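> Before anything else, here's the structure in question.
The values are calculated or read from the model by the stated rules, or taken from the named source; none is laboratory data. Bear in mind that the values here come from a model prediction, so they are computed numbers and not experimental data. As a convention, Cβ positions derive from the backbone with ideal geometry for all residues, glycine included, and neighbour counts pool all protein chains shown. These area figures cover heavy atoms from the full protein model, side chains too; ligands, DNA and RNA do not enter into them. Shrake-Rupley method; radii C 1.70, N 1.55, O 1.52, S 1.80 Å.
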Amino acid sequence: MKGLKPSLLALCVAGAPPAAIAEIQRLDESAMGNITGQAGVTIELETKLNIDRFIYTDEGSLEVNDIFVGGANRTDMFSEMNLNLNGSATDTLDNIRINIDVASDGDAIINLLPLSFNAVDLRISTGAWNLTGTGGSTVVFDNFNMDALIGSGTIRIDTATDKLNFKTDIAIDDLDFDVPFLALGIRDFQMTGADYDLQAPQPLRLFAYVELDMYKAPNSRNVESLAIDLQTFEADIRIGGVIVGGTSIGSMALDNLAITNTSMLIYGH
């Protein structure tokens, strides 16, 4: 009522029908406490991330250079479908809506989905990954570039089990990288859903489904650790070129790859 003058308020009340006034009831604090909002929070995201160098240091260091996360800036991903899945091409990570809700049982639900009936295009690229220490420096990764589409993503924090459940649908159109210390390179890596047919491509079968749980659990020494359970991962994988010593030795394919019931614990030592 801030800003509403008493005379104006009185005029509004005076003009109301008697029946309406009869229905107006004063709410006590207890009744007001039971009035809750029914909608969550929605965030529309548009962003681009550049990091010159990320350094993790133990006794030696791992350096990751020239990190970029943004849009793929392409309209031709998965060209066999002859569909423009990405709309206008930009290098910005966009077309993302994030819905945040808290359920009646206290579970937090974060739902990531495209703004329109579409997919979110994603590019992640880096420069050299260097291991450095008193013994010198080794380039373990270089020229990493991944163009992918994300169909959806859901994060649920379950108060009954204290677990974070993560689900996503993702398809990789092109992934290239080099492993210089092994004279190895991977070109035209592609990952799709296990039922995706290159001869009869369907958008709804394009995405590989991934589900995992994260939670706290004791390790073999009863030390609290980060536990990660991979519940489901099913995909088809194709590699256009495997480079060894600067020469392609051929291509590879994995049909109906399924990884299930896989668990790991992460902790310091």
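> Using the beta-carbon distance between residue 182 and residue 55 and R0 = 22 Å, what value does 1/(1 + (r/R0)^6) give for FRET efficiency, to the nearest 0.05?
That pair, residue 182 with residue 55, gives E of 0.45.
> How much area per residue is accessible in region 100-141 when the probe is 1.4 Å and only protein heavy atoms are counted (Å²)? Display every interim value, and only then the final one.
Details: 2280 Å² over 42 residues.
Accessible area per residue: 54 Å².
> Taking every alpha carbon pair in region 106-202, what does the distance histogram look like in 10 angstrom bins from 0, in percent?
13, 28, 27, 23, 9, 0
> May I ask you to give the average projected area over all directions of the convex hull of the Cα atoms of region 32-188, in nm² rounded to one decimal?
Orientation-averaged projected area of the Cα hull: 13.7 nm².
> For residue 43 and residue 162, FRET efficiency with R0 = 25 Å and r from the beta-carbon atoms, rounded to 0.05?
On the way: r = 25 Å, r/R0 = 1.01.
Between residue 162 and residue 43 the formula returns 0.50.
> Hey, what's the Cα Rg ratio for region 178-269 versus the globular rule of thumb, 2.2 N^0.38 Å?
The value comes to 1.46.
> Assuming 0.36 nm per residue, please report the length gained on full extension of the stretch residue 89 to residue 115 beyond their Cα-Cα distance.
7.8 nm
> Starting from the 7 Å offset along Cα-to-Cβ, what nm value, one decimal, do you get for the label separation of residue 134 and residue 267?
Taking the simple label geometry, residue 134 and residue 267 are separated by 2.9 nm.
> While we're looking at this one, here's another question. Where the accessible area of region 117-269 is counted over protein heavy atoms with a 1.4 Å probe, how much of it, in %, is carbon and sulfur?
Of all accessible area on region 117-269, carbon and sulfur atoms account for 57 percent.
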